[in-house]
Every structure is written in structure tokens, then in C-alpha cells.
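Q: My questions all concern the structure below.
Each value in this text was obtained by applying a stated rule to the coordinates, not by laboratory testing. If you're wondering where the values come from, they're calculated on a predicted model, not measured in any experiment. Backbone-built Cβ (ideal geometry, glycine too); neighbour counts: all protein chains shown.
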Amino acid sequence: QVQLVESGGGLVQAGGSLRLSCAASGSIFRLNVMAWYRQVPGNQRELVAAITSSGSTNYADSVKGRFTISRDNAKNTVYLQMNSLKPEDTAVYHCRLMAGVNNYWGQGTQVTVSS
């Protein structure tokens, strides 16, 4: 059984920074994609950024140039460095692991950006 545990959310003023972490435990296929999604109540969950096990990345247009996704394969951990935060970045951020036909989600961490 794979578990994902997120940390690093919180309250920050606009223009500030936060770093999210997501640690995966359990039996994990080495070829995988780890990603961050976010969700605002009433809206669909949207992709923020994704990174493959070889380091290829993909970002939503709304966060390009402000957010950076990275990973430590030895620790099965993915990070999201969020800079120049805006009030519209406020959401619950969820970690996702996609490995073969398997798909896992973390419970989420709240990020609130005040204006």
C-alpha cells in the first residue's frame, strides 16, 4: 500500500513563498510521475506541476516562472517551491503519484495567500 503525506502548507502574504513536500512510502514502481494539483471548493482539481522520474517537468501556465517542482528519488519525495504567491493561489494542494496503472493521492495541505 502506497501512502502520500504532504506538508508545508500555511498562511502567507501575497508576494511570499512556501515550499510543499510530499513523501511517498510503500512499494513504488521506480518509473513514475509525481505531481501537484490544487482545488478550490466548487471547482475541479487542476494540475499545477508534474515531474517524471527522469526529471522532465510540466507546469500550468498560471504558475510558470513562479513555482518549481523537484524530486528526490532516493527519498521518494516531491517538492513544490512556490514564490511570488498570489491570492488566487489559495487552495488545497494535493500530491499525486502515477505509477503504471496505479494512481495515488495525498490528503492535501491548505495554502492560503492573503492580499
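Q: What list of ³J(HN,Hα) couplings, whole Hz, do you get for the range 53-66 from phi and the Karplus terms 6.51, -1.76, 1.60, once you set θ to phi - 60° and write x for glycine and proline?
A: Ordered by residue, 3J(HN,Hα) equals 5, 8, x, 6, 10, 8, 10, 5, 4, 5, 10, 4, x, 10 Hz.
Q: What is the Cα convex hull volume of the chain when expressed per residue in Å³?
A: In the chain, the Cα convex hull volume per residue is 96 Å³.
Q: Given a Förster distance of 41 Å, report the FRET efficiency between Glu46 and Ala74 from their Cβ-Cβ distance, rounded to the nearest 0.05.
A: On the way: r = 29 Å, r/R0 = 0.72.
With a Förster radius of 41 Å, E is 0.90.
Q: Sticking with this structure for a sec: Top mean-square fluctuation among Ala49, Ala24, Ala99, Gaussian network model of the chain, C-alpha springs under 10 Å?
A: It is Ala99.
Q: Could you work out the relative contact order of the chain? I mean the mean sequence separation of Cα pairs under 8 Å and 6+ apart, divided by the number of residues, in percent.
A: Once normalised by length, the contact order is 36 percent.
Q: Let me ask something else. Counting only other residues whose beta carbon sits under 11 Å from that of Met82, what net charge do I get with K and R as +1, D and E as -1?
A: +3
Q: Pull up all non-local amide H partners of Gly10: gap of 5 or more, or a different chain, and H-to-H distance under 5 Å with H placed in the peptide plane.
A: For Gly10, the qualifying residues are Val111, Thr112.
Q: Using a 10 angstrom cutoff on alpha carbons, build the Gaussian network for the chain and name the most mobile of Ala50, Ala23, Ala60.
A: Fluctuation is largest for Ala60.
Q: Per q in 0.13, 0.14, 0.26, 0.28 Å⁻¹, report the Debye log10 I(q)/I(0) for the range 59-115, using one uniform scatterer on each alpha carbon and no solvent.
A: With no solvent term, the Cα-only Debye profile gives -0.41, -0.47, -1.24, -1.29.
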